[in-house]
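Worksheet: the structure to be examined is printed underneath.
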């Protein structure tokens, strides 16, 4: 096993005042590089991640968690795909039911619907050809922004009330949406020098005033206010980007073929100026970015897609904290977009979803566990077990404690389980009624569980093709209260 070494931090030469490059794409030039690239090098390094979450060694006791270490105290509020706000929501209830559901507009064929964001008053979702907002309390549609062509990818986070969507029949459009006003800010056409007629689906990121996209066709970062292209790759350069993620800062996973290196590039979220670079040690590669604040990067080997380490990068010149996955993690960052659905990062802890396995004494049931790691030391803190013979899916955190979702069965409704951030002690945060378990099963299929300020949502990640008339429409989002 390769032993990561202390990073070599590098400042990326500023490019802010250089002329905007012509359409084609390129990253900031890392020291020793001749300039960035998109097409050729990126295509040779096509992402081989499988579509499986899973990953941890299952262990634990029936009381919910057993203690490995006790020094992982942390604070913080709820986490998930959206930023926290403080507007009123209905009081959380431990016995909660389905408050409202909204169906998706059916598509001619199965289509992705990955984006889920929040404003003070609404939950915002992508449909196959639209961004739509529904009132948090009632589910009533507040606004819709139509998109030309199908959705190919979206930013995981929203920032400054904005989100970004890649769309179009050939994925060649990038649109920035104002979530507060419910309007399109602008749409820009993407160009692949090797294939001008199309652009590969990629990872989209948005920050306070920048939006970016990284795919096999190339990568670019734009300033939102004036649409100016700040960074990107060109067909003649040796460096390119594999992925990116936004939020409180813009972080790009890059590589340089001439150096044979994988790197992490960090940019200022407001100006888009290069900030600092971290070199991935040895022959490992940066596969995904589970979080940008705190900054956590998943390292592994692209040919297998397995995550071997998580690295907490605390800043330029500071030694990173290594979290060794050992046998625990395999495909936790396998989402086609920037999202790592198998990892939740809080202010001072990382929670990793475990690999599903047959339940002891019941071969027909599958279970898994969640392992908590201290973000400052990398040490394992506790292992959390599900309440019943069910799989536990990461939902977020509340008041510093981890919350996992137990999907329903035919006889039992779903439940949200809360695990104490220090000890892993399990309590029930929210339980759903058995009477609606069949409906909840349908809502939970292919959906992402999201905890937003104490309110639970199931957000579809893809929409099924047009169903026969006797079948119900594919669900888009459901709220529990």
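Descriptive notes on the structure:
- Restricting region 297-309 to residues that are assigned to a strand (DSSP E or B) and in contact (Cβ under 8 Å) with a residue 60 or more places away in the chain leaves a set whose member that is nearest to residue 376 (Cα to Cα) is 309.
- Answer residue from region 79-119, given it is assigned to a loop (DSSP other than H, G, I, E, B) and within 16 Å of residue 155 (Cβ to Cβ) and is modelled with the highest pLDDT among those: 119
- If you go through region 135-156 and keep only what is surrounded by fewer than 24 Cβ atoms within 10 Å (Cβ to Cβ), in contact with a strand residue (DSSP E or B) (Cβ under 7 Å, 6 or more places away or on another chain) and farther than 13 Å from residue 187 by Cβ, you end up with 135, 138, 139, 140, 141, 142, 143, 144, 150.
- Unique match (being surrounded by 24 or more Cβ atoms within 10 Å (Cβ to Cβ), within 28 Å of residue 128 (Cβ to Cβ), out of contact with any helix residue (DSSP H, G or I) (no Cβ under 8 Å at 6 or more places or on another chain) and touching a residue at least 24 places away in the same chain (Cβ under 8 Å)) among 444, 473, 372, 460: 460
- For residue 182, the conditions (1) surrounded by fewer than 24 Cβ atoms within 10 Å (Cβ to Cβ); (2) at pLDDT 95 or above; (3) on the phi < 0 side of the Ramachandran plot are fulfilled apart from (3).
- For residue 216: the one exception among (1) farther than 22 Å from residue 303 by Cβ; (2) touching a helix residue (DSSP H, G or I) at 6+ places or on another chain (Cβ under 6 Å): (1)
- Test: residue in region 376-391 that is over 23 Å from residue 333 (Cα atoms), in contact with a strand residue (DSSP E or B) (Cβ under 7 Å, 6 or more places away or on another chain) and buried (at least 21 other Cβ atoms within 10 Å of the Cβ): no
- Checking 404, 396 one by one, the residue that is without any contact (Cβ under 8 Å) to a residue 60 or more places away in the chain, in contact with a strand residue (DSSP E or B) (Cβ under 7 Å, 6 or more places away or on another chain), surrounded by 22 or more Cβ atoms within 10 Å (Cβ to Cβ) and assigned to a strand (DSSP E or B) is 404 and no other.
- Breaking point among (1) in contact with a strand residue (DSSP E or B) (Cβ under 6 Å, 6 or more places away or on another chain); (2) surrounded by fewer than 23 Cβ atoms within 10 Å (Cβ to Cβ); (3) modelled with pLDDT of 90 or more; (4) farther than 20 Å from residue 377 by Cβ, for residue 267: (2)
The values are calculated or read from the model by the stated rules, or taken from the named source; none is laboratory data. All of these numbers come straight from a predicted model, not from anything done at the bench. Cβ coordinates were reconstructed from backbone atoms using ideal geometry, including for glycine residues, and neighbour counts include every protein chain displayed.
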